[in-house]
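K.L.:
Structure incoming, see below.
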Amino acid sequence: MYIQETIHLSSWLAILVTALYVTMVVTAVIVVLRENRNPIRALSWVIALVFLPGVGLIFYLFFGRSLRGMHMISRHNKRKIMHDNSPDRIDLNDLNITEEQKNIIKLSYNLSRSPFTVNNEIDIYTDGASKFESLKQDLLNAKKSILLQYYIFLDDIIGNEIADILISKAKQGVMVKVIYDHIGSFSARNRFFDKMKQHGVETHPFFRVNFPHFANRINWRNHRKIVVIDGNIGYIGGMNIADRYVNGLPNGEEWRDTHFRVRGDIVESLIYSFAIDWNFLKKDPYVPEVKTERPEICNLTGVQLVTGGPTERWNNLTLCFLRAISSARRKILIQTPYFLPTDGLLNALEAAALAKIDVRIMMPRNTDSKLLHYASFSYITQCLKAGIKVYLYEPGMLHAKAMIIDDNFVTAGSTNFDFRSFENNFECNLLIYDTEINRKMRAIFFNDLKRCKKLTLEQWKKRPLPQRFLESLLRLVSPIL
């Protein structure tokens, strides 16, 4: 009798578990279909959910859900932050800019509410040593406030140097707020951030990954790198806080990156971006006043900030990149550590190259991620066939993220030319409408070109068959890499 009851109970338990699983799968399929995603991607998720029992559902919970349309903060708080940290609006008709530039400016404003600004100064850094020396000096000179946000903030040599400065400024009464990404900075010990907290530095991880929020947070990362000092000096770009950005890789290879130091009206937009993320974490109604006297800069260096993330209604960075690429008349120069474009961006680059626009893409020969490395290589054949020139940077890791259009437009920041940056990460880029900055960035690009190997279609076709298979396999899962 006991054995029969046990069997009977086990049968009912199996039925209950099966029914629960089927309900979850059906619910997930309905959610995928209602989101009206890209049909191919939606079909892929439906197939995975139906024909990969257990595994498909786990992958969907971690990587398949969308945050599109989720409000990070209330509309009231967002309007208040915008009112407190917004430069004066400029009549574009009063400026000597092209219609193509006006279209990008208006698009970017409608997407991320970041106004076009003038009266800006920009310094460009291509190595970590000079960038961090400048940053440390500016931090040491801070009188009122420091807002600091990085994807990676490690407790190594440079990380501890920065942390010690932040602690000393907090002890002096300077307001110091720090946002770091929990996954990006996962290898840093808790006591590193606790020490800063104990000495008055307000530190908070973005999307802390812990139970029960593991599945619904691990795929959404804050990849932004923003620093604002006393409300009038800003930093933005591709460098995180870690020794490799200064010393290079353990094997002796260099780390080549791009970062900006900015002064002027654009700093208001950096404050606004930081304040939105801070409000999301802390639910504060606004970031306290951080501005000191604005530097007296008077020029026509046009700069705009565009931010994007998985909670936005539109794919902000994708649309801005598409608009910029379609505006090109002579040249498109791209530097990126990973090249995994959306179909729309790849088609736009192909169309430009086939129209005899000079399109050049530079990526590293070897990256810090083998999976992304081979997934990126899967797009090279298609690019070469369309006439896109592809270059592999050989001295080390090329981590720079920049796109240069013709002679008057540059965009650079935290955004890689890949699916994750365009759709899953919180990112930010500067849009720079200036011939002098364009000239400097072009010079940097062509200087890097001297240290690259240019690929030809004939050579590329000779790569080993196992490598081709691995590239094709990884390309299938590239949207979640």
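K.L.:
Looking at region 314-358, which of its residues are of a type in the set (G, A, S) and either on the phi > 0 side of the Ramachandran plot or part of a loop (DSSP other than H, G, I, E, B) (or both)?
P.N.:
A328, A355
K.L.:
Quick check on region 398-413. Is at least one of its residues among the basic types (K, R) and without any contact (Cβ under 8 Å) to a residue 24 or more places away in the chain?
P.N.:
no
K.L.:
Sticking with this one: Give K450, K461 a once-over and let me know the one that is in contact (Cβ under 8 Å) with a residue 40 or more places away in the chain and either open to solvent by less than 40 Å² (accessible area, probe 1.4 Å) or not polar (S, T, N, Q) (or both).
P.N.:
It is K461.
K.L.:
Here is a further query. Can you report the number of residues in region 107-127 which are over 16 Å from L430 (Cβ atoms) and at pLDDT 95 or above?
P.N.:
1
K.L.:
Suppose the filter is exposed (fewer than 15 other Cβ atoms within 10 Å of the Cβ) and among the charged types (D, E, K, R); does K389 pass it?
P.N.:
It is false that K389 is exposed (fewer than 15 other Cβ atoms within 10 Å of the Cβ) and among the charged types (D, E, K, R).
K.L.:
Could you grab me the full set of residues in region 419-447 that are within 9 Å of the chain's Cα centre (by Cα) and either among the charged types (D, E, K, R) or surrounded by fewer than 20 Cβ atoms within 10 Å (Cβ to Cβ) (or both)?
P.N.:
Correct list: R420, E427.
Conditions (1) within 30 Å of E121 (Cα to Cα); (2) in contact with a Phe, Trp or Tyr (Cβ under 8 Å, 6 or more places away or on another chain), marked per residue:
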site	(1), (2)
A386	no, no
Y391	no, no
N438	yes, yes
A443	yes, no
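K.L.:
Identify the residue in region 125-144 that is of a type in the set (K, R) and in a helix (DSSP H, G or I) and, among all such residues, is surrounded by the fewest Cβ atoms within 10 Å (Cβ to Cβ).
P.N.:
K136
K.L.:
Test each condition in (1) touching a His at 6+ places or on another chain (Cβ under 7 Å); (2) open to solvent by less than 10 Å² (accessible area, probe 1.4 Å); (3) modelled with pLDDT under 90 for V290 and report the one that comes out false.
P.N.:
Among (1) touching a His at 6+ places or on another chain (Cβ under 7 Å); (2) open to solvent by less than 10 Å² (accessible area, probe 1.4 Å); (3) modelled with pLDDT under 90, V290 violates only (1).
K.L.:
In addition: Please go through region 145-183 and give me each residue that is of a type outside the set (V, I, T) and part of a strand (DSSP E or B), ordered by number.
P.N.:
Answer for region 145-183, where residues must be of a type outside the set (V, I, T) and part of a strand (DSSP E or B): S145, L147, L148, Q149, Y150, F153, M175, K177, Y180, D181.
K.L.:
Tell me whether region 298-313 contains one or more residues that are at pLDDT 95 or above, open to solvent by 10 Å² or more (accessible area, probe 1.4 Å) and not in a loop (DSSP other than H, G, I, E, B).
P.N.:
Yes: one or more hits.
K.L.:
Looking only at residues that are under 24 Å from V227 (Cβ atoms) and assigned to a strand (DSSP E or B) in region 405-416, which one is farthest from the chain's Cα centre (by Cα)?
P.N.:
V410
K.L.:
Restricted to region 377-386, and to residues that are part of a helix (DSSP H, G or I) and touching a residue at least 40 places away in the same chain (Cβ under 8 Å), which residue is most open to solvent (accessible area, probe 1.4 Å)?
P.N.:
K385
K.L.:
Scan region 158-176 and report the pairs whose first residue is in contact (Cβ under 8 Å) with a residue 60 or more places away in the chain and more than 13 Å from L140 (Cβ to Cβ) and whose second residue is outside any strand (DSSP E or B) and β-branched (V, I, T), with Cβ atoms within less than 6 Å and a gap of 6+ or a chain change.
P.N.:
Hits for this filter: I158/V246.
The values are calculated or read from the model by the stated rules, or taken from the named source; none is laboratory data. Computed from a predicted model, the values in this text were never measured in an experiment. Glycine gets a Cβ as well: all are built from the backbone with ideal geometry, and neighbour counts include every protein chain shown. What goes into the accessible areas is simple: the full protein's heavy atoms, side chains included, and nothing from ligands, DNA or RNA. Shrake-Rupley method; radii C 1.70, N 1.55, O 1.52, S 1.80 Å.
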